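Derivation of every value follows stated rules applied to the coordinates shown; laboratory data play no part. Owing to the predicted nature of the structure, the values given are computational and were not obtained by experimental measurement. Here Cβ is always computed from backbone atoms with ideal geometry, including for glycine, and neighbour counts include all displayed protein chains.
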Amino acid sequence: MPKFDVTIIGAGVAGLSAAIHLQNEGLAVKVLEASDGVGGRVRTDKVDGFLLDRGFQVLHTAYPEALRMLDYDSLRLKSFVPGALIRYQDRNYRFADPFRKPVNAMMGLFSPIGNWGDRLKILALRNRHRRLSLDQIFTAKEMPTLDLLREWNFSESMIESFFRPFLGGVFLDESLQTSSRMFEFVFKMFASGYAALPAEGMGAIPRNLASLLSKGTIDLNTTVASITEKTVLTQSGDKIETEAILIATDAANALKILGRKRNAKKGISEATNGVKCLYFVTDRPPFTQPMLMLNGDGKGLVNNVCVPSVISPTYAPPGRHLISVSVIRPTQLTNEELLVAVKAEMRTWFNKEIRYWEHLKTYDIPKALPTKNSIKLVNKNDIKPVAPGIYVTGDHTWHGSLHGAMESARFTANTISWDLALASNN
C-alpha cells in the first residue's frame, strides 16, 4: 500500500500550487485527479488548430501569487489594451486607461457613456487602489459592488453601460451583488498590471505549475471513492495511506468527498456563478483592437465578445481568427436555440460579417466561479483542518480568482507542513 505525507485530491490550480509548496518542504506528495488533465476549470482544448479556453478567462499579470509561482517568460503572455470597447446604441466606443493609453482615452472622452465626473472618479479609484494593500482591501467595509458604485455617485449611465457588463463578465454576476472587496481587489489588479493570455492558452498556466512537481506526483483519471482520517480509497480499489489529506476540488465535489462528515462541511458553500461561452471562427475579425467588447445596452443575451487571436495570434491558424462570445444571463434555451439567438444578436452588432462566422464549439459551465457576496479571509495562522488530518483549499474558500486559488493553497500547505512537523515531534 503506497504511503505519502500528503495526498491532494484535485489537480486544479489550487491543488498544484499546494503540491509545489509541500514538496518544497521536503514532504512526499501524491496528487489525484479524476479527469484526463491538470487545470480543473483552467483548461484549453485544441480543436482544428484553434485554442479554446474552457470559458473566456484571462490572467492578471499583477496577481501577487501568479508573480510568485509562474514563469511569465515561458507563458509568452500577450496583453489586452487596458480598457474596453463598448457597444452602445448601435455604435462602438473606446473606454481606455488614460494613464497607459492616453490617445485611446482621449478618443472616448466625448462618448455618451458616463460623464466627466465619472471619469474623474475612475481616476480617483485607480490612484486609491494602487496605494491600498490587499490586507486593507479585504478588511474594508463590505457591501454589494452595486452599492459601492452608487456610494461613489457614479451615474446610472456609467453603471449600466460600463460597470455592469464589465464587472458582470469578471464576476459572472450581472446583478453586481458580489462583495465590494472583490471589486476593489479586481480594480487594484487592473490598475497595477495587465489582463493577458498565454500563447498556448490559459491551460498553459496549470501545465506550468505541474512542471515544477517531481515526476510521478500526479495520477490522472483517478477518482476518489472515499476518505478516512489517514486513508484514501479510489474507485479502482487502490488504497493510499497518508498522514494528511488536502481536498482541492470545487466546493460541490469537496462536500461529496467529505460524505457524512457533517461538521467538516460547515462553511463550505457550493453556490456558483455560471457562463456559456460560444466560439466561432472566421477569416475576418469583427474588430481588430486587442480589447474586450461589452454590451453597453443591457439588451439581449450576450455580455461580451472577444477575439483572442487578435490578442495572441497563436489562438488560431494563420489567416484565421477565433471569436469568443460570453453569455452570463440565465437562460433556459438549449445549446442549439442559444446558438440561433446569439447569431441573431451578433448580426445586429456586426451586420453581414456574421455570415462568415462558423460555430466551432459551445461550453456550458454552470460552476465557473464561486458566488462571493461576502468575503472574509481567514487569517493564515488560523487555518484548521475540517476534520482530523483533512484540509480543504480552493478559490471557494478564499475568493474567485487565480490569485485566490493560489494564495489559499499556499497558506493551507504551510498549515499542513507545520501540523505534520508538530505531530512528528510528539
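For the list (1) in a helix (DSSP H, G or I); (2) over 27 Å from the mean Cα position of the chain (by Cα); (3) farther than 21 Å from residue 169 by Cβ, I need the number of the one condition that residue 350 fails. Just one mismatch for residue 350, condition (3). For the range 211-260, the tally of residues that are of a type in the set (Lys, Arg), farther than 19 Å from residue 39 by Cα and under 29 Å from the mean Cα position of the chain (by Cα) stands at 1. Among the residues making up the range 312-347, none is surrounded by 16 or more Cβ atoms within 10 Å (Cβ to Cβ) and over 27 Å from the mean Cα position of the chain (by Cα).
State yes or no: is residue 46 farther than 30 Å from residue 419 by Cα, in a strand (DSSP E or B) and of a type outside the set (Asp, Glu)?
Details: farther than 30 Å from residue 419 by Cα: yes; in a strand (DSSP E or B): yes; of a type outside the set (Asp, Glu): yes.
Yes: the conditions hold for residue 46.
Within the range 110-137, the set of residues being over 24 Å from residue 295 (Cβ atoms) and either polar (S, T, N, Q) or touching a strand residue (DSSP E or B) at 6+ places or on another chain (Cβ under 7 Å) (or both) comprises 127, 133, 136.
Candidates are the residues of the range 6-47 that are touching a Lys or Arg at 6+ places or on another chain (Cβ under 9 Å) and charged (D, E, K, R); the one that is surrounded by the most Cβ atoms within 10 Å (Cβ to Cβ) is 43. The residue list 354, 365 contains one member that is surrounded by fewer than 21 Cβ atoms within 10 Å (Cβ to Cβ), within 28 Å of residue 187 (Cα to Cα) and of a type in the set (Val, Ile, Thr), which is 365. Can you confirm whether residue 424 is in contact (Cβ under 8 Å) with a residue 40 or more places away in the chain, in a helix (DSSP H, G or I) and not β-branched (Val, Ile, Thr)? No, not satisfied.
For every residue, the table says whether it meets (1) buried (at least 17 other Cβ atoms within 10 Å of the Cβ); (2) in contact with a Phe, Trp or Tyr (Cβ under 9 Å, 6 or more places away or on another chain); (3) in a loop (DSSP other than H, G, I, E, B).
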| position | (1), (2), (3) |
| --- | --- |
| 208 | yes, no, no |
| 215 | no, no, yes |
| 221 | no, no, yes |
| 243 | yes, yes, no |
| 254 | yes, no, no |
| 270 | no, no, yes |
| 288 | no, no, yes |
| 299 | no, no, yes |
| 310 | yes, yes, no |
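Scanning the range 368-388 for residues that are surrounded by fewer than 21 Cβ atoms within 10 Å (Cβ to Cβ) and small (Gly, Ala, Ser) gives 374, 387.
If I ask for residues that are hydrophobic (A, V, I, L, M, F, W, C), over 22 Å from the mean Cα position of the chain (by Cα), assigned to a helix (DSSP H, G or I) and more than 17 Å from residue 115 (Cβ to Cβ), which ones from the range 133-179 would you list? Before the answer, list the steps.
As a first pass, look at the range 133-179 and keep what is hydrophobic (A, V, I, L, M, F, W, C): 134, 137-138, 140, 143, 146, 148-149, 152, 154, 158-159, 162-163, 166-167, 170-172, 176.
Add one more test, that the residue is over 22 Å from the mean Cα position of the chain (by Cα), and what stays is 140, 148-149, 152, 154, 158-159.
Imposing the further condition that a residue be assigned to a helix (DSSP H, G or I) reduces the set to 148-149, 158-159.
Answer for the range 133-179, where residues must be hydrophobic (A, V, I, L, M, F, W, C), over 22 Å from the mean Cα position of the chain (by Cα), assigned to a helix (DSSP H, G or I) and more than 17 Å from residue 115 (Cβ to Cβ): just 148.
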